[in-house]
Amino acid sequence: MPDATALAPPASLLVDPYGRHVTYLRLSVTDRCDFRCVYCMDPDQRFARRDQTLSTAELLAITRVFVSLGVRKVRLTGGEPLVRPDLNELLHAIHALPGLEELVLTTNGSQLAARATDLRAAGVRRINISLDSLRPERFRELTRHGDLGQVLAGIDAALAAGFERIKLNTLILGERNGDEILDLVRFALAKGINLSFIEEMPVGEVVDRRATDFYSSERIRALISPHFPLVPTTETTGGPARYYRIPGSPTRIGFISPHSHNFCADCNRVRVTAEGQLLLCLGRADSLDLRAILRRHPGEDERLRVAIIDAMRMKPAGHRFEIGVPALVGRRMNLTGG
Ligand code: SAM
Ligand code: SF4
């Protein structure tokens, strides 16, 4: 009789006090960005000194150790990952790590028109593109620098490059863009791509007023349903979104609802900031300084392994975001990696 355990896929060695296995790493590869989205940054945002952020070799060492511990999915994010000059090199190296099953990326789309093919060739399977408005002036106002035309060209380039899945991420900021919900659904349907609506999270203080009022996922769903029937599905991409199908279309509509539908019970992920802090939860301050370990003991993967396994003790049961309550953690989304 074969031993059943011998046939089972290797379990993650990263297990938290609540029995959750960590299999998903979100890696912020830079805190810099060519946009200054109102909910993410200040207009005169200051960035970390370059020597404070992780080098390519450090990013790779951290990812290698996580994958050796059972992480199967890695998402590169930021800041804007495409502003990192060595991004392709890093992607190729991460893609080659034995045991990694999925390499994915989140981008604002500004440089995708020229870069989509290279990203696909470097092993990126799925791509998330942030898009909060389809109106050029409003898009510029919300991103402070963004050119909608460039991002739309980037979406078309991503379609042509043959990613396995493309998903738009949209933050509804009350009346600042709530009147575009149906237009955004129509746009996703026309392109045959997915769309997720994200509830704004109180992460980092920003000077601009954020949402004018809170648009819960339920409210958005109720707005879409009379126009496009939403059929619940149990499908998951290993992230926090709940998905609905629109019959007759490949498009799925997702909802990421940190406030109205807490997803912490199934949490399978951790984050590493652009400065090398391991974060056990987006909404909590606990962290481990991986950069310090790397720089004190270069080339010693075992040190990182032991420290990361031990850090799982700090993973809390869940975040404590509350509507109308100021940010619990001061660090901004660009450093943290959304
Ligand atoms: N620059 C890339 C982009 O915009 O897609 C990647 C980094 S960005 C921080 C990742 C995602 O985080 C974006 O979809 C953005 O809308 C989201 N995000 C930023 N600040 C947020 C906040 N306060 N609450 C919820 N999502 C936020
Ligand atoms: Fe840049 Fe993304 Fe933050 Fe917008 S959300 S400022 S694109 S990092």
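The values are calculated or read from the model by the stated rules, or taken from the named source; none is laboratory data. Since the model is a prediction, treat every value here as computed from it, not as a measurement. For neighbour counting, all protein chains shown are included, and Cβ atoms are generated from backbone atoms with ideal geometry for every residue, glycine included. In case anyone asks, the SASA skips ligands and DNA or RNA and just uses the protein heavy atoms, side chains included. Shrake-Rupley method; radii C 1.70, N 1.55, O 1.52, S 1.80 Å.
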>> Being more than 13 Å from ligand 1 (Cβ to nearest atom) and closer than 20 Å to Arg32 by Cβ is the requirement here; does Ile127 meet it?
In response: no
> Which of (1) in a helix (DSSP H, G or I); (2) under 15 Å from Cys37 (Cα atoms) does Ser110 not meet, given it meets every other one?
Replying inline: (1)
>> Quick check on segment 80-96: of everything there that is over 17 Å from Ala161 (Cα atoms) and open to solvent by 10 Å² or more (accessible area, probe 1.4 Å), which residue is farthest from ligand 1 (Cβ to nearest atom)?
In response: Ala96
> How about segment 173-197: which of its residues are part of a loop (DSSP other than H, G, I, E, B) and within 23 Å of Arg144 (Cα to Cα)?
Replying inline: Leu173, Asn177
> Mind checking whether some residue in segment 40-60 is of a type in the set (S, T, N, Q), more than 12 Å from ligand 2 (Cβ to nearest atom) and open to solvent by less than 10 Å² (accessible area, probe 1.4 Å)?
Replying inline: no
>> From the list Gly174, Gly99, Gly149, Gly178, exactly one residue is open to solvent by 30 Å² or more (accessible area, probe 1.4 Å), of a type outside the set (Ser, Thr, Tyr) and more than 30 Å from Val71 (Cβ to Cβ). Which is it?
In response: Gly149
>> Every residue in segment 45-79 that is of a type in the set (Lys, Arg) and either assigned to a strand (DSSP E or B) or within 16 Å of ligand 1 (Cβ to nearest atom) (or both), please.
In response: Lys73, Arg75
>> Contact list please: Cβ distance under 6 Å, first residue in segment 19-47 and within 20 Å of Leu91 (Cα to Cα), second residue in a strand (DSSP E or B) and polar (S, T, N, Q), pairs at least six apart or on different chains.
In response: Arg26/Thr77; Ser28/Thr77
>> I'm checking my understanding of the structure. Among residues of segment 69-79 that are within 16 Å of the chain's Cα centre (by Cα) and either open to solvent by less than 10 Å² (accessible area, probe 1.4 Å) or closer than 12 Å to Arg269 by Cβ (or both), which one is farthest from ligand 2 (Cβ to nearest atom)?
In response: Arg72
